[in-house]
Structure formats: structure tokens, C-alpha cells
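Heads up: the structure comes next, in C-alpha cells.
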Amino acid sequence: MNFEPLTLDRETDLLRKEVRAFLSDQRDFLKGGYIDCWSICEPAFSRLLGEKGWIGMTLPKQYGGGGRTYLERYVVVEELLAAGAPVGAHWVADRQTGPLLLSFGTEEQKEFFLPQIVRGECYFAIGMSEPDSGSDLAAIRTRAERVEGGWRITGGKTWTSFAMTCRYVLLLCRTAPPGSEAADRHKGMSQFILDLESEGVTRRPIRNLAGEDHFCEIFLEQVFVPENRLLGEEGNGWRQVMAELAFERSGPERFLSNFRLFSEGLDFLRTSGKGEIGARTIGRLAAQLMNLRQMSLSVAGQLQAGELPVNEASIVKELGTTFEQNLAEALRGPLAIEPGVDAGERMSSLLGKSILTAPSFSLRGGTREILRGILAKGLGLR
Amino acid sequence: MNEMTSIIEESVNDLFAEEVTPESIETMESGGFPEPLWSTFDGGGWTRIALSEEDGGAGTGLSGGYTLMRIAGYHAAPLPVVEAILGTYLLSASGLPIPEGLLTVALADQSPPGENNGRLLLPRVPWARHARGVVVVLPGRNGSTGVAWVDRDSYQVQEHRNLAGEPRDDVLVSSRKPAEEKLIHATSTEQVRSWFALGRAAQIAGAAQKALERTIAYANERRQFGRPIGKFQAIQHQIAVQAEQLYAARCAADTAIAHLGTPQEWECIAAAKILSGEAVGIVAGTAHAVHGAIGFTKEFALQLDTRRLWSWREEYGNEDHWSRRLGEFCLALGEDRLWTFLTAQTG
């Protein structure tokens, strides 16, 4: 297990300043900063970030990307998250679909999709979970069958965040003949780039308990996908999905989802004479946050070096999302205000939103139990 | 990790693996001094590790010393490595001569220093009964640190121990204050205290690593219901959480070590002592839960790690102490500067 501390170089410092200056001019978009801001879709803001060159930063310049390092991307992303900026629209495309297309896509796919992603105009959803396949991803049933000129897909996906606003979904399907999965459940899967405007696709929002409807379900009835929209090799889907998940687990979004509650809560305590009551709680949370950031940066450094730190990423995700979930729990005592949902009552709504969205933090991107299983294996148990 | 640190790590690991024996630990616990271990350790010049190369050090500054402390923690070495290394460093930094033999440190920075019939009382000084003398740290002029040497001839001890049986003696100096005091400028007693806290955090990272390794080995070996208990998901998940806590504590200690001498030194040390203190309850608790009754025996070595963990988290400030101070610091920053502070750590 490797969490060797990492120091960012001077150039990232300039980049950070540039992002801060930009954000200070974007008060209309930020609206004071959102809780769970990477679930807030604002295409106009995404396009603005695209113009700044802050989407697809690690992609090569020949596809419009920034040709920059993972650490430079890290700095930009953490600044956006700390400000609570609405980065949901391009989030998945920037974090995982872009790098995945770069690794496994055809030249045509790269030339078609990457420049649009970089501009903040092309949004992807994650097509993994199904009604009977959540943590047990290998249990998926959505099937693609070869037809002339491409594939026909039947099945459905669920918990597909932003499927209503995204144009595309990266779909994991079974491509081996029915019954063959009995031998090896991880074989015979493939990934497809599905245009959600295709015939036979039905999308429906699912309202969550916080009253938002970025969650969706997708029904696929004999949907045709042309040959050139298979991603990577037929049958290589499982391996590709695992690579995709590696990008998902260790980033700053795993501990900064409700940073606004921490930073503004701290000011609230100070200005309302509750500093003394809250100091211990604030100190403990600050220590955890400092350390999570360092652990996460260390993983980013390893990704940059071409390593695949699966166990370390699992640790960051579990500790990070536990921190996020604990934030409201720990602060509600010293804050001593009733949580609410009305935007006008800033502190109350930050607390309320944090409580209402907290359950999702440890579910998305692999549950706590799945992560502990991965880690146990990595530690030499089982 | 740089080359020098790897060399230190390897050499010290070999030394302790060979020389830390059940007998040497038993000697300490029964009030004696593990002479053979000390001779090898001292003979290797390891107490001078944090000094400059001209003075016999490794040229790594304090950071090499902390690597050594972590490894000493891993092996449950029955020696006051933190006090010996930092005491030597403080003497050197203040320009006082470094005597031969074991030395220890008393932090008399908290006002007013204890007194007993006009004699200076220094509570819970590690290994004072066996030491050649005590390096006393006192508040100096203008926020500097005063360092004084009190020879063994000039104090009496009342023997006490921590949960691990490590000597923590009350020292009664024969005078009201030590004779000669030299100053270390640009270093506050608060900073000196934090160096000792980091020493305990490093030791905790080492001992927690050992406790985790023992737990994994035992879970893979112990069979119940026809299979190793490590095959049960309930056990696996507990151990996964235990490991997460250890690696968080280790990363925090390493981060603080990497930030020695930077503007974030103090905050990083506070975080390290908080996270190592938080880890102890879970790491030790899980280790014992998985080991069952055998782990509760004196004969089984797990107690060497866990009794140390339970002691060390309390020494030089527990997590409540450091949390309150770090919290006050963050509250004073306010929302505007909080994020700047968080990102200034590591540039």
C-alpha cells in the first residue's frame, strides 16, 4: 500500500490562481456554491469551462485536449468542487469517458467525440447498473446481438444519472450467446456508445428523496447501434469497465461533495458565538480533510505515473465518502439549527441538503461493502 | 522515499528485528534496563541520526529520526527512541555538550512548572530512572526555547509506568531550576512539543502496522466452522476498516514528516496526532476482536502492540487536545482563508 506524500509543483500554483480568479467572476452560476455540485447540470457553465480548456485536460492536443497532467486536472477539479460549482453536465465525460475513449476507442471515435467533450458540449452517462444488477455488475442482462451493419440492443439500465440531459451513454452489454455466461460471468461483455436519441430508447427520470431528478432509467427495445459504436474489443467489456472505475474512485469529489457545509458552517459557528463549542469538531474534520486530500493526491500521482492503485483508490473512496457522510452528523450538534430545504435560509439548507444527499455518497461508484471486499483481497485475505 | 531514508529503514529494521527480544521487553517491564539492545543501538550511533553529518548524523535532519521511530514502534523496541533522538537533537541545536549514555527529555513548557518544596518537579519523564540525565525544555526569552541539562546526580525519581510498562517517572530536581540554560532561537516550546507528538504518531504508525499484520496472519491461519476465519466477510470487512485507519494514520505522519521546516509544519503535525489517535481505537479493537481470547493473553505478542498504542495516543496531547487547537486555528482563518490553507499544504 502506497500513500507517499506528494508535493505539487509551482506551475499548478499559477493554474490554481487562474481558476480562482475565474470563479470569482462566476457568482451567477455558483449561486453561493452547491452541495453535491457534481450532480448539478449547467451546460452553459460546462461550455464556459470548455473555453477555458478545463475539460479533457489530460487528453492529447491532437483531439483538442490540454495535454496536461492528472495533477493539473486535479487542481482545477478541486477548485471547482470547493467552490461548489455546477459541474455535473460534463462530469462523467471529463472524468472517465474521455480517458476510456482515448485508451480503447478507434481513431474515428476519438476524432468524433473527444473534441466535443473538450468543448463541454458532449455529455455521457454511465450505463452499468440494471434493476437486477447493482453491486453484482456481472449479473447484467442487457444484450446486444449482431445484425447487419451493427448491433441490436434490448434491455435497460437504471440509476443512470443525467440520462435526460446527456446525449450519449456508455453501455455495458452482454454480447456472447445466451447461456454462455454460466462458464465465466466476466466474459462475453462489451461496451457500446449509445446515442440516447436513437429509436427504441425510452428515458424516464426517477425522483430522489431530496426532490431532484437527475437519476434516470433507460429502456432499450431493439435499439440499433452501428458497428463503429462498439468501444474497444468485443468481449473486453469487463476489463474496460474495471479500468473506467479506477478513474472514479480516488478523486477529490469523494471528499469534497459537501465542502460548502464545512467552510460556511465554520463561519457560522464563529460569527454566532459557537466557536468554542465547535472547535474540537472543526479541528477533527479539518485533520481528516487535510489527510484525505493528501491520500487522494498520492493516488493521482500514481495514476499519472501509469500505475493502477486499485487498493489505494478503494481506501480513498471509503474514507472520503465516510467523511462526507459524517460531516453533517458531526456539525449538526454545534450548529444547533434545524435542517431545511429553502434556499433562502443558507445555513439551514446547506445542512438539510447534506443530510438528504448523504446516503448516495457511499453508494455511487461502488458501495462500501464492495470496496471493503476489494481491499480485503488486496490485504491477502480470502 | 529517498535513498538515505531507505538505507535507514533497512538498517534499523534489521537491528530491531534481531535485538528486540521477548527477554529485552521483559527486562524493561520488570523495571530493568535492556543493556544489550541499548549498546547495539547506541553503538550504531542511531541517537545522533537527526544531527548534521559533521556531528555524526545521517544528513536527513529530523525526518530520518522519525523513520527510525516508526520502525522502533513496529518492533515494540523497549527503548526511549523518541526522547533519545530528539533530546540529542535539542542539545546539539542549543550548543550544549552531548553526554555519553542514555538521555531523556522533560517538557517543562507548561506554566507554571511543577514545584515541590522549592524543588522542580517534572512529571512522567520517560525512562528517567535509567538515564544519564534529563534534557529539560523550558520557555525561553522572546518565544525561544530554553534547554538545560540536569544530571542524574541532581534528581530523584518516583517510578511510574504507562500501560505498556514503559518507564514514565516523576523527576524531582534538587534545585528550583536547572543551572545552565541555553536558548534555541526561532523555535518555540510549542514547536518542540509538537516534535514529540509527531514522534508518538510515527511510533503509532509502526505499531499499528504490526498489529494489522498480526491480525491478517491470524485470520488466515485460525480455522473455525471448517475454514480460516479470514474467509468470512464479517471478518474481512472489519480488517479492511482496520487497514484504512492504519494507512490514514501512516499517511498523516508521513505528510507531517515531509512538511517539517515548512510553514505548515505545525498543522500537519496536529493532523498526524489526531489521525493516529483516532486510528488506535479501531486498529487495536479490531486486532483483539479477530484474535479472540488468545490475543488477550500476556503470552501472545499482540499485547505488545496494543498496550503501546493505547499509551502513545495519550502522550504529548491526545486527539481532543490537538483537535481543539487545530479547530481554533481554522475558525480564526474563517471561510475565505480555509480553502487556501488546505491547499497550501502540499503547494
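The values are calculated or read from the model by the stated rules, or taken from the named source; none is laboratory data. These numbers were taken from a predicted model, which means no experiment stands behind them. FYI the Cβ positions are ideal-geometry reconstructions off the backbone, even for glycines, and counts take in every protein chain you see. Ligands, DNA and RNA are excluded from the accessible area calculation, which covers all protein heavy atoms including side chains. Shrake-Rupley method; radii C 1.70, N 1.55, O 1.52, S 1.80 Å.
Tabulated data for the structure shown
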{"quantity": "Filtered residue count, the stretch B:54-113, keeping only those that are modelled with pLDDT under 95 and touching a His at 6+ places or on another chain (Cβ under 7 Å)", "calculated": "0"}
{"quantity": "Near pairs, Cβ below 6 angstrom, 6+ apart or cross-chain, from the stretch A:191-218 (in the same structural domain as A:G150 (by TED's automatic domain parsing) and surrounded by 18 or more Cβ atoms within 10 Å (Cβ to Cβ)) to any residue that is in a strand (DSSP E or B) and among the hydroxyl-bearing types (S, T, Y)", "calculated": "A:I193/A:Y168; A:E217/A:T158"}
{"quantity": "Residue list for the stretch A:232-248, filter: closer than 21 Å to A:T158 by Cβ and in contact (Cβ under 8 Å) with a residue 12 or more places away in the chain", "calculated": "A:G237, A:W238, A:Q240, A:V241, A:E244, A:L245, A:E248"}
{"quantity": "Looking only at the stretch A:358-369, and only at residues there that are within 12 Å of A:T321 (Cβ to Cβ) and in a helix (DSSP H, G or I), the one that is farthest from the other protein chains (Cβ to nearest Cβ)", "calculated": "A:S360"}
{"quantity": "Condition check for B:A186: at pLDDT 95 or above and either outside any strand (DSSP E or B) or on the phi > 0 side of the Ramachandran plot (or both)", "calculated": "no"}
{"quantity": "Residue in the stretch B:95-109 that is in contact with a strand residue (DSSP E or B) (Cβ under 8 Å, 6 or more places away or on another chain), farther than 19 Å from B:A253 by Cβ, charged (D, E, K, R) and away from chain A (no Cβ under 14 Å) present", "calculated": "yes"}
{"quantity": "Those helices (runs of 4 or more DSSP H) lying entirely in the stretch B:254-347 with at least 1 residues free of Cβ contacts under 8 Å to residues at least 40 places away in the same chain and more than 12 Å from chain A (Cβ to nearest Cβ)", "calculated": "B:265-291, B:302-312"}
{"quantity": "Selection count where residues are open to solvent by 20 Å² or more (accessible area, probe 1.4 Å) and either charged (D, E, K, R) or part of a helix (DSSP H, G or I) (or both), scope the stretch B:63-77", "calculated": "3"}
{"quantity": "Inter-residue pairs, beta-carbon under 9 Å, first in contact (Cβ under 8 Å) with a residue 60 or more places away in the chain and in the same structural domain as A:R20 (by TED's automatic domain parsing) and in the stretch A:43-57, second of a type in the set (S, T, Y) and open to solvent by 10 Å² or more (accessible area, probe 1.4 Å), 6+ apart", "calculated": "A:P43/A:Y123; A:P43/A:T165; A:S46/A:Y123; A:G56/A:Y63"}
{"quantity": "Any hit, the stretch A:52-64, residues being among the small types (G, A, S) and open to solvent by 10 Å² or more (accessible area, probe 1.4 Å)", "calculated": "yes"}
{"quantity": "Selection within the stretch A:329-357 - touching a residue at least 60 places away in the same chain (Cβ under 8 Å), aliphatic (A, V, I, L, M) and not in a loop (DSSP other than H, G, I, E, B)", "calculated": "A:L331, A:L335, A:M347, A:L350, A:L351, A:L356"}
{"quantity": "Candidate set from the stretch A:276-292 (those that are open to solvent by 10 Å² or more (accessible area, probe 1.4 Å) and in contact (Cβ under 8 Å) with a residue 40 or more places away in the chain); member that is farthest from the other protein chains (Cβ to nearest Cβ)", "calculated": "A:I277"}
{"quantity": "Neighbours by Cβ (under 6 Å, 6+ apart or cross-chain): first from the stretch A:144-158, in contact (Cβ under 8 Å) with a residue 60 or more places away in the chain; second outside any strand (DSSP E or B) and basic (K, R)", "calculated": "A:G155/A:R141"}
{"quantity": "Members of the stretch A:170-188 that are touching a helix residue (DSSP H, G or I) at 6+ places or on another chain (Cβ under 8 Å) and closer than 26 Å to A:L102 by Cα", "calculated": "A:L170, A:L172, A:C173, A:R174, A:T175, A:H186, A:K187, A:G188"}
{"quantity": "Test: residue in the stretch A:303-323 that is basic (K, R), over 30 Å from B:R223 (Cβ atoms) and open to solvent by less than 60 Å² (accessible area, probe 1.4 Å)", "calculated": "yes"}
{"quantity": "Of residues in the stretch A:169-190 being among the hydrophobic types (A, V, I, L, M, F, W, C) and surrounded by 13 or more Cβ atoms within 10 Å (Cβ to Cβ), the one modelled with the lowest pLDDT", "calculated": "A:A176"}
{"quantity": "Meets criteria (facing another protein chain (nearest Cβ under 9 Å), of a type in the set (K, R) and either closer than 25 Å to B:H237 by Cα or open to solvent by 10 Å² or more (accessible area, probe 1.4 Å) (or both)) for A:R270", "calculated": "yes"}
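Okay, residues lined up against (1) in contact (Cβ under 8 Å) with a residue 40 or more places away in the chain; (2) open to solvent by less than 10 Å² (accessible area, probe 1.4 Å); (3) closer than 30 Å to A:F262 by Cβ; (4) of a type in the set (A, V, I, L, M, F, W, C):
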position: A:E79; (1), (2), (3), (4): yes, yes, yes, no
position: A:V87; (1), (2), (3), (4): yes, yes, yes, yes
position: A:G98; (1), (2), (3), (4): yes, yes, yes, no
position: A:Q109; (1), (2), (3), (4): yes, yes, no, no
position: A:G120; (1), (2), (3), (4): yes, yes, yes, no
position: A:D136; (1), (2), (3), (4): no, no, no, no
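Condition check ((1) on the phi < 0 side of the Ramachandran plot; (2) without any contact (Cβ under 8 Å) to a residue 60 or more places away in the chain) across all residues:
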| site | (1), (2) |
| --- | --- |
| B:G87 | yes, yes |
| B:S94 | yes, no |
| B:P99 | yes, yes |
| B:L103 | yes, yes |
| B:D109 | yes, no |
| B:E115 | yes, no |
| B:H130 | yes, no |
| B:V135 | yes, yes |
| B:N142 | no, yes |
